[in-house]
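Worksheet: the structure to be examined is printed underneath.
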């Protein structure tokens, strides 16, 4: 098994548990689909296979998104933020991204549309 490219590994700055958050975005629509976690090995597997592979904090194991459900995420781009502590994964999503069956894991907090500055004022 090949290790993660040292140049990539050196740029990563995981938390005290060895994890970095991964914001998953649709390559087609730019919609944020979900948030997940990766360690160095999950990132290596993702880059090697082209399929999103994450670390499950609750199960304590790796999982390939869609391996059992068929709702796969084919990776089109991997970006690392300027601090090296967050990954943006752009994917082609097959089926819903959320385990609830929704396209995205994110929804509005209430039914009324938010004013553009509403979050900044809270």
> So which of 4, 33 is in contact with a helix residue (DSSP H, G or I) (Cβ under 7 Å, 6 or more places away or on another chain) and either part of a strand (DSSP E or B) or buried (at least 16 other Cβ atoms within 10 Å of the Cβ) (or both)?
Replying inline: 4
> Taking region 68-98 only, how many residues are without any contact (Cβ under 8 Å) to a residue 12 or more places away in the chain and part of a loop (DSSP other than H, G, I, E, B)?
Replying inline: 3
> What pairs come up if the first residue lies in region 1-13 and is in contact (Cβ under 8 Å) with a residue 40 or more places away in the chain and on the phi < 0 side of the Ramachandran plot, the second is part of a loop (DSSP other than H, G, I, E, B) and surrounded by 12 or more Cβ atoms within 10 Å (Cβ to Cβ), and their beta carbons are under 8 Å apart, counting only those six or more places apart or on different chains?
Replying inline: 11/84; 12/84; 12/85; 13/84; 13/85
>> Of the conditions (1) surrounded by 17 or more Cβ atoms within 10 Å (Cβ to Cβ); (2) under 25 Å from residue 103 (Cβ atoms); (3) modelled with pLDDT under 95, residue 90 satisfies every one except a single condition; which number is it?
In response: (3)
> Which residues, taken from region 14-35, are within 22 Å of residue 104 (Cβ to Cβ) and without any contact (Cβ under 8 Å) to a residue 24 or more places away in the chain?
Replying inline: 29, 30
> Among (1) more than 15 Å from the chain's Cα centre (by Cα); (2) within 16 Å of residue 19 (Cα to Cα); (3) in a helix (DSSP H, G or I), where does residue 58 come up short?
Replying inline: (3)
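The values are calculated or read from the model by the stated rules, or taken from the named source; none is laboratory data. Given the structure is predicted, the values throughout are model-derived calculations rather than measurements. When we count neighbours, we look across all protein chains shown, and the Cβ atoms used for this are built from the backbone with ideal geometry, even at glycine.
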